[in-house]
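Q: My structure is below; once you've seen it, I'll send some questions.
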Amino acid sequence: MKYIIETWGCQMNEHDSEVLAGMLADLGYKRTDDEMDADVMLLNTCCVREKAESKVLGRLGLLKKLKQNNPDVILGVCGCMMQQPAMADRIKKRMPHMDLVFGTHNIHELPQMINEAKASRTTHIQVWPEQGEVKEGLPIKRTHGIKAFVNIMYGCNNFCTYCIVPYVRGRERSRLSKEILVEIKDLVNDGYREIMLLGQNVNSYGKDLQDEGDFADLLKAVNEIKGLDRIRFMTSHPRDFNLRLVNTLASCNKVCEHYHLPIQAGSSRILKKMNRGYTKEEYLELISQIKDRVPHASITTDIIVGFPGETEEDFDDTMEVISKVRFDGAYTFLYSSRPNTPAAKISEQVPQELKKKRFQKLLALQNSITEEINKQLIGQTLPVLFEGTSKNDDTVLMGRTRTNKIVHVSGHAELIGKIVDVNIQGAQMFSLSGKII
Ligand code: SF4
């Protein structure tokens, strides 16, 4: 029996797909890349922006032909998009060739849901309205052999006014630290060198638990694990990124000096409308605390352009922050109205053309900064963990510095999984090149 999983969206979704693959492997299924060869096909969806949703709907439409050519295949669709109210019924009505629809809260029920879908003559829907307990011990089939995703918590309580995540991922639930530490120790025993601690807002870790400590305590404990080389974490929220955490980052030698700290906008007026819980000044103060204690830290961010009501002055504030902070990189997005979010109800929506104009201006500034920062690394020797070969050339190795810079070198595949010193000799927008020392 064969399975195929297609994943959209963030690392949380990628990791959920590793869990779905783990359960299918436990049922005896083998992975295939050929959809005509599949017995089960799952689409793990994202709905953080409208574009992501239309891509999924387009893909689901195309699967009608596959079902006609391969009637025994079980076609399932899950993830954040399916967790939205009424979405499952919409799929059932418009895409009757889909056999199974489930959400983000009950992926652990996959084995049973596949049997129920096989027995059902129509689209089988299993979407839990509310999140349940954190499920431990689910099988995981990881896509990478050197670095691994480890969930530390699920959901988000922040309710930023533009964001649909709290409505589709539920309330914050932290895993017990002992479960997280055992999982990481097992991964290190299996040869993993790098761990990415995952959560919608990792800085809230432990707030919902008794006597479990907070994110800084968890980092210290993970940092003690013998044989582990590198620790990364995603995603942080500036509101919960306090000085104690900054000092912990500076003192934990395995925590890589790359911090992804979404600011979303540079104007305090817009940050208030976004319910982000910090001002421009507070964000800049946090950045200076980080740069003070971890001078060579690489900091990246997320920025939304064209939030409802954004004026030219507000946008200038964003451009000013970009120039001041000099981020190593920024994921920039056009504001996309999401159903049932407060921001979608704000009347002063920014015209698409104006959004695009501002977006291009912001991108040009940020890209020039990214390139300048990368060029400053030429001549330096940096430790690189090789993760595999380059996408375009398998005689070229690809790895990352601790500051999350992608590095390409010519080298032998036996170096994959090793941390090697590389002298940086070239810099491009999104990667560096160098020579092994
Ligand atoms: S912190 Fe805000 S943007 Fe991030 S997932 Fe939570 S609600 Fe969404």
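Q: Give me the accessible area of Arg230, 1.4 Å probe, in Å² rounded to the nearest 10.
A: For Arg230, the solvent-accessible surface is approximately 0 Å².
Q: Rounded to the nearest 0.05, what FRET efficiency do Glu136 and Ser251 give with R0 = 45 Å and r taken as the Cβ-Cβ distance? Could you check?
A: It comes to 0.95.
Q: Please report, as a whole percent, how much of the solvent-accessible surface of region 147-375 comes from carbon and sulfur atoms (probe radius 1.4 Å).
A: 54
Q: OK, next. For region 290-385, state what percent of all Cα-Cα pairs lands in each successive 10 Å bin, counting from 0 Å until the bin that includes the largest distance.
A: Per 10 Å bin, starting at zero, the Cα-Cα P(r) for region 290-385 comes out as 14, 39, 27, 15, 5, 0 percent.
Q: Also: How much of the accessible area of region 1-91, probe 1.4 Å, is carbon plus sulfur, in whole percent?
A: Values: 1940 of 3880 Å².
Roughly 50 percent, rounded to a whole number.
Q: Still on this model: Please state, rounded to one decimal and in Å, the Kirkwood hydrodynamic radius that the chain gives when every pair of distinct Cα atoms enters the mean of 1/r.
A: 23.2
Q: Students sometimes get this wrong: rank Ile125, Ile424 by accessible area, probe 1.4 Å, all chains present, largest first.
A: Reading off the accessible areas and sorting them downward yields Ile125, Ile424.
Q: What number, in percent, do you get for the relative contact order of region 1-62 if the mean sequence gap of Cα pairs under 8 Å and at least 6 apart is divided by its residue count?
A: Across region 1-62, relative contact order equals 46 percent.
Q: Also, quick follow-up: Determine the per residue accessible area of region 47-140 with all protein chains present and a 1.4 angstrom probe, expressed in square angstrom.
A: 50
Q: For Arg31 and Arg293 in one chain, what is 0.36 nm times their gap in residues minus the Cα-Cα distance, to one decimal in nm?
A: Extending this stretch completely gives an extra 89.8 nm.
Q: Indicate the gyration tensor shape class of region 2-126 (rounded, prolate or oblate), computed on the Cα atoms with a ≥ b ≥ c the square roots of the eigenvalues: a/c under 1.5 is rounded; otherwise a/b larger than b/c is prolate and the rest oblate.
A: Rounded shape, in that the Cα axes give a/c under 1.5.
Q: So, one more: Averaged across orientations, what area in nm² does the convex hull of the alpha carbons in region 147-375 project?
A: 12.8
Q: For Lys93 and Ala119, what does the FRET efficiency come to when R0 = 25 Å and r is the distance between their Cβ atoms, rounded to the nearest 0.05? Can you show the working numbers first?
A: Working: r = 21 Å, r/R0 = 0.84.
Working from the Cβ atoms, E equals 0.75.
Q: Beyond 17 Å, how much of the Cα-Cα pair distribution for region 381-436 remains, as a whole percent?
A: When all Cα pairs of region 381-436 are counted, 21 percent exceed 17 Å.
Q: Working out 0.36 nm times the residue gap between Arg326 and Leu176, then minus their Cα-Cα distance, what length gain in nm do you get to one decimal?
A: Length gained, Arg326 through Leu176: 50.3 nm.
Q: Which FRET efficiency value, to the nearest 0.05, do you get for Leu57 and Glu348 by plugging their Cβ-Cβ distance into 1/(1 + (r/R0)^6) with R0 = 35 Å?
A: Step by step, r from the Cβ atoms, then E = 0.75.
The values are calculated or read from the model by the stated rules, or taken from the named source; none is laboratory data. It should be emphasised that the depicted structure is a prediction, and the values quoted were computed from it without experimental measurement. Here the Cβ is made from the backbone with ideal geometry for all residues, glycine too, and neighbour counts use every protein chain on show. For the accessible areas, the whole protein counts, side chains as well, though only heavy atoms, and no ligand, DNA or RNA atoms are used. Shrake-Rupley method; radii C 1.70, N 1.55, O 1.52, S 1.80 Å.
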